[in-house]
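The values are calculated or read from the model by the stated rules, or taken from the named source; none is laboratory data. Note that the structure is a prediction, hence the values are computed from the model and not measured. Here the Cβ positions follow ideal geometry from the backbone for every residue, glycine too, while neighbour counts run over all protein chains shown. Just so you know, the surface numbers come from the protein's heavy atoms only, side chains and all, with ligands and any DNA or RNA stripped out. Shrake-Rupley method; radii C 1.70, N 1.55, O 1.52, S 1.80 Å.
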Amino acid sequence: MGKSKLEYIWLDGYHPTANLRSKTKVEDDFSGKLEDCSVWSFDGSSTKQAEGGSSDCLLKPVAIYPDPARRDGYLVMTEVLNADGTPHESNYRAQIDDDDNDFWFGFEQEYFIMDKATQLPLGFPVGGYPGPQGMYYCSVGGKNTHGRAFVEEHADLCIDAGLNFEGINQEVASGQWEFQLFAKGAKKAGDEIWVARYLLQRLTEDYGYYIEFHPKPVKGDWNGSGMHANFSNTTLRTAGSKDVYDTICESFRPVVAEHIAVYGEFNDQRLTGKHETASIHDFSYGISDRGASIRIPIIAVEKGWKGWLEDRRPASNGDPYRIAGRIVKTVKGAEAKL
């Protein structure tokens, strides 16, 4: 009789920035299929999701991946439910209006690798600063590149887990990196980002690091961290019209506050109008403009206005479920006007 380790992963009730939680369930003769993952419970009073007198919350499995770091292991992404089976108020995945998976998302997850001993980004000396920005982005060599072995191992774990992992690069600041994931379906895109974040954070335990998702962990003339959201649906992929793109982009203008509210905590420190960002107080869009709120990729224009858009405002600590859900709502509202 074989035994498998199923790591149930969920988001806690901390607000506005949720944290990953997980625990292991050992199963006999597990098939490896999502439908054979049972609903499980946990103590919601320890995660700000229930009161102590009635603390049971439920974990509903929604996605499963092989766990490349454990023998006979699986990673099970779950939604949090109340004891009566209804979605918990912290369960933003259940609120996404994309049941037909028409929306495709490509998230670009930036983050800083922090040294536990110094509590500074890799490459930062104690009591000072490394050389100014300029030489770190996509750099090669030990002088400017910090953390490559860790990043490469994380990439391998994500690929081995079956995530649609699309790339890595060192970012503009010292110790800052990015990975990219693409998925067809807003919910699946969120699942894969959260599982990739889980693998990233678990891996730090072996290195003496931790991950900083704060969008502006180093103040001053250093880039912040975002999670650019590239998105499309059938309308954007087949539009063939500049007017359609303009209508969809303009639909974001009157709901700026609603988007910023779910795009990540402390994002005002990052969206300053500098370091390849638009100001949090403005809204703009433009072709190939990385200083705009929304960038229209030049490739989409060259293909006859068929492709996708990039919302550059989401912060690195944003919840991809909330971000995708809000984008879907806004685009669907724009389609009603076409």
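When the criteria are applied in full, Ile294 fails the requirement of being open to solvent by 10 Å² or more (accessible area, probe 1.4 Å) and modelled with pLDDT of 95 or more. Figure legend. Inter-residue proximity from segment 140-161: first residues more than 19 Å from Glu108 (Cβ to Cβ) and free of Cβ contacts under 8 Å to residues at least 60 places away in the same chain, second residues part of a helix (DSSP H, G or I) and open to solvent by less than 40 Å² (accessible area, probe 1.4 Å), beta-carbon distance below 9 Å, spacing 6+ or different chains. Indicated pairs: Glu153/Leu203. The condition of being within 30 Å of Tyr14 (Cα to Cα), open to solvent by less than 30 Å² (accessible area, probe 1.4 Å) and out of contact with any Phe, Trp or Tyr (no Cβ under 9 Å at 6 or more places or on another chain) holds for Ser279.
If I filter segment 308-315 for residues that are under 15 Å from His228 (Cβ atoms) and among the small types (Gly, Ala, Ser), do I get at least one hit? Yes, segment 308-315 has at least one match. Taken as a whole, the condition of being open to solvent by less than 40 Å² (accessible area, probe 1.4 Å) and within 26 Å of Glu265 (Cα to Cα) does not apply to Ala63. Of all residues in segment 234-264, those satisfying the criterion of being farther than 30 Å from Pro125 by Cβ and under 19 Å from the mean Cα position of the chain (by Cα) are Glu258, His259, Ile260, Ala261, Val262, Tyr263.
In segment 5-27, the residues that are without any contact (Cβ under 8 Å) to a residue 60 or more places away in the chain reach residues that are open to solvent by 40 Å² or more (accessible area, probe 1.4 Å) and assigned to a loop (DSSP other than H, G, I, E, B) with C-beta atoms within less than 6 angstrom, at least six apart or across chains, in these pairs: Tyr14/Lys48.
Every residue, every condition in (1) open to solvent by 10 Å² or more (accessible area, probe 1.4 Å); (2) part of a loop (DSSP other than H, G, I, E, B), yes or no:
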{"site": "Met77", "(1), (2)": "no, no"}
{"site": "Glu89", "(1), (2)": "yes, yes"}
{"site": "Glu110", "(1), (2)": "yes, no"}
{"site": "Ala117", "(1), (2)": "yes, yes"}
{"site": "Val126", "(1), (2)": "yes, yes"}
{"site": "Met135", "(1), (2)": "yes, yes"}
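Counted as qualifying within segment 189-291 are the strands (runs of 3 or more DSSP E) with 1 or more residues that are in contact with a Gly (Cβ under 6 Å, 6 or more places away or on another chain), namely 227-232.
Of these, Gly220, Gly273, which one is surrounded by fewer than 14 Cβ atoms within 10 Å (Cβ to Cβ), farther than 30 Å from Ala336 by Cβ and touching a strand residue (DSSP E or B) at 6+ places or on another chain (Cβ under 7 Å)? Only one candidate qualifies: Gly273. Evaluated against (1) open to solvent by less than 60 Å² (accessible area, probe 1.4 Å); (2) part of a strand (DSSP E or B), Gly13 falls short on exactly one condition, (2). Contact map, segment 245-270: residues that are in contact (Cβ under 8 Å) with a residue 12 or more places away in the chain paired with residues that are among the aromatic types (Phe, Trp, Tyr), Cβ distance under 6 Å, separation 6+ or inter-chain. Pairs shown: Tyr245/Trp305; Cys249/Tyr285; Arg253/Phe283; Val256/Phe283. Picking from residues in segment 173-201 that are over 13 Å from the mean Cα position of the chain (by Cα) and buried (at least 19 other Cβ atoms within 10 Å of the Cβ), the one that is nearest to Phe103 (Cα to Cα) is Gly185.
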